[in-house]
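The values are calculated or read from the model by the stated rules, or taken from the named source; none is laboratory data. The structure displayed is predicted, hence computed values, not measured ones. Counting neighbours? That spans all protein chains shown, and the Cβs are built from the backbone with ideal geometry, glycine included. Note: areas computed on protein heavy atoms with side chains; ligands, DNA, RNA excluded. Shrake-Rupley method; radii C 1.70, N 1.55, O 1.52, S 1.80 Å.
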Amino acid sequence: MRQRIPRFYFNVVSDAPVVVDLEGSELATLADARREAVQDARALMSQAVLAGKDISARRIHICDELGGVL
């Protein structure tokens, strides 16, 4: 029997409207999802620095397929 791989969603939350991840990523574990979120956050910060923007109020919520924050 093949084990189902969970799908995690990475929503960007700030004072502005939430940017919802509609696609998600299939990852084996929550620990893998956390690593992915850190990589995403680093990429967002790099882009913001280059654009001269302050995104320090933004957070990434890791959500399950039902929308629950993990």
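When the helices in the chain are scored as -39500 (n - 2.57) per DSSP H run of 4 or longer and the sum is shared across all residues, what 222 nm value do you end up with, to the nearest 500 deg cm²/dmol? Spell out each step's value before the answer.
Values: 1 runs with 22 residues, N = 70.
Dividing the helical sum by the residues of the chain leaves -11000 deg cm²/dmol.
In square angstrom, what is the accessible area per residue of the chain with a 1.4 angstrom probe? Walk me through the numbers on the way to the answer.
Details: 5450 Å² over 70 residues.
Averaged over the residues of the chain, the accessible area is 78 Å².
Mind checking the angle between helix 30-51 and the chain's longest principal axis? C-alpha axes, 0 to 90 degrees, to the nearest 10.
So the helix axis and the longest Cα principal axis differ by about 20 degrees.
How much of the accessible area of the range 6-59, in percent, comes from carbon and sulfur atoms when a 1.4 Å probe is used? Intermediate results must be reported in sequence, preceding the final value.
Values: 2130 of 3900 Å².
Answer for the range 6-59 is 55 percent, counting heavy atoms of protein chains only.
For residue 29 and residue 64, calculate 0.36 nm times their separation in residues minus their Cα-Cα distance, and state this gained length in nm to one decimal.
Details: separation 35, 0.36 × 35 = 12.60 nm, distance 1.14 nm.
Here the segment from residue 29 to residue 64 would lengthen by 11.5 nm.
How do the peptides 34-40, 9-15, 50-56 rank, highest first, by the average count of neighbouring beta carbon atoms within 10 Å per residue?
Numbers: 34-40: 14.0, 9-15: 15.6, 50-56: 9.4.
With the highest mean Cβ count within 10 Å placed first, the list reads 9-15, 34-40, 50-56.
Could I get the Rg over Rh figure for the chain? Both from C-alpha atoms, Rh via Kirkwood, rounded to two places. Write down the numbers at each step before the final one.
Working: Rg = 13.4 Å, Rh = 13.0 Å.
Reported Rg/Rh, Kirkwood definition of Rh: 1.03.
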